[in-house]
Amino acid sequence: MTNPSALLHLLQLASPALPVGAYSYSEGLESLVDRGQVNNLAALEHWLIQELRCGAIRLEAAVMVRAYQTVTTQDRAALRTWNQWLSAVRETEELRLQSWQMGRSLLRLLCDLEPSLQFDPDYQRLLQEEGCNFAIAYAIGAATWQIDMQSALLGYLHSWASNLVSAGVKLIPLGQTAGQQLLLTLQVPLQAAIDDILRLPDDELDSCGWGLALASMAHECQYSRLFRS
């Protein structure tokens with residue numbers, strides 16, 4: 001990315017400081033730590049890499065790519081279809097509500113930052129009548145701010161990884177240096193995931209996320225929780 005304005009927009013969109021509540025979710029990681037299944041740096045690294053290769057985040061990112069394309073072509077019917085499709089494939093209520101809450105927060109923020117979006121009836125419908133998934137709102141922001149697709153995808157995945165590494169640092173617990181080392185280790189898997197996602201055809205949109213689903217279902221019943229359920 002050589003456009004300084006687009007780069008600054010990407011840094012803002014993918015920043016942990018973005019007020020969408022991502023820091024309050026662990027995506028099942030808290031229950032995995034509680035049961036001793038993820039209890040060290042190597043186990044956390046393995047979990048995140050497997051999620052990138054065949055888990056729900058791969059599916060979310062692929063839909064984000066398609067939503068980005070519908071925004072750039074102004075195909076609002078397709079945008080709503082992909083949003084509904086992504087809501088339908090959520091395997092647990094916790095994961096669906098997380099995506100909707102973060103999506104609404106981000107889309108509402110974008111409408112405040114970009115007043116032209118406030119008067120778009122399709123975006124207002126997403127806010128008021130439907131659950132807007134985070135991947136959809138992120139795609140709207142990336143396309144509106146003219147961030148190129150590959151950079152937007154990298155920012156989306158890196159933001160996801162940073163949030164879960166931060167959760168792991170608190171829960172396992174790990175040192176801050178170990179967390180930063182893990183983010184460096186994840187650079188190669190992140191780039192490989194981008195190449196895979198950009199080549200993924202519509203009829204191969206699937207994930208092997210039963211481990212995440214079980215962890216998410218267990219989390220909402222966990223006796224004591226730091227992260228939102």
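The values are calculated or read from the model by the stated rules, or taken from the named source; none is laboratory data. In this text the structure is predicted, and so the values were computed from the model without any measurement. Cβ coordinates were reconstructed from backbone atoms using ideal geometry, including for glycine residues, and neighbour counts include every protein chain displayed. Accessible surface areas use protein heavy atoms only, side chains included; no ligands, DNA or RNA. Shrake-Rupley method; radii C 1.70, N 1.55, O 1.52, S 1.80 Å.
Brief remarks on what is shown
- Unique match (being of a type outside the set (Ser, Thr, Tyr) and touching a helix residue (DSSP H, G or I) at 6+ places or on another chain (Cβ under 8 Å)) among 77, 62: 62
- Within region 170-179, restricting attention to residues that are within 22 Å of residue 95 (Cβ to Cβ) and among the hydrophobic types (A, V, I, L, M, F, W, C), the residue that is nearest to the chain's Cα centre (by Cα) is 171.
- The selection criterion, being in a helix (DSSP H, G or I), open to solvent by less than 20 Å² (accessible area, probe 1.4 Å) and either modelled with pLDDT under 95 or not charged (D, E, K, R) (or both), holds for residue 107.
- For region 119-167, a tally of residues being open to solvent by 10 Å² or more (accessible area, probe 1.4 Å) and more than 14 Å from the chain's Cα centre (by Cα) returns 20.
- Cβ separations smaller than 7 Å between residues 6+ apart or across chains give no pair from region 116-130 residues that are more than 9 Å from residue 76 (Cβ to Cβ) to residues that are exposed (fewer than 14 other Cβ atoms within 10 Å of the Cβ) and not charged (D, E, K, R).
- Residue in region 81-94 that is of a type in the set (A, V, I, L, M), open to solvent by 20 Å² or more (accessible area, probe 1.4 Å) and under 25 Å from residue 218 (Cα atoms) present: yes
- Close pairs (7 angstrom Cβ cut-off, 6 or more residues apart or separate chains): on the phi < 0 side of the Ramachandran plot and β-branched (Val, Ile, Thr) in region 163-177, assigned to a helix (DSSP H, G or I) and surrounded by fewer than 19 Cβ atoms within 10 Å (Cβ to Cβ) anywhere: 165/183; 169/176
- Scan of region 42-74 for residues that are outside any helix (DSSP H, G or I) and under 17 Å from residue 196 (Cβ atoms), ordered by number: 55
- Residue ID - least open to solvent (accessible area, probe 1.4 Å), chosen from residues in region 1-53 that are charged (D, E, K, R) and under 26 Å from residue 150 (Cβ atoms): 51
- Checked against the criterion of being of a type in the set (Gly, Ala, Ser), on the phi > 0 side of the Ramachandran plot and in contact with a Ser or Thr (Cβ under 8 Å, 6 or more places away or on another chain), region 34-54 contains not a single residue that satisfies it.
- Filter pass, residue 97 being free of Cβ contacts under 8 Å to residues at least 24 places away in the same chain, assigned to a helix (DSSP H, G or I) and either open to solvent by 30 Å² or more (accessible area, probe 1.4 Å) or of a type in the set (A, V, I, L, M, F, W, C) (or both): yes
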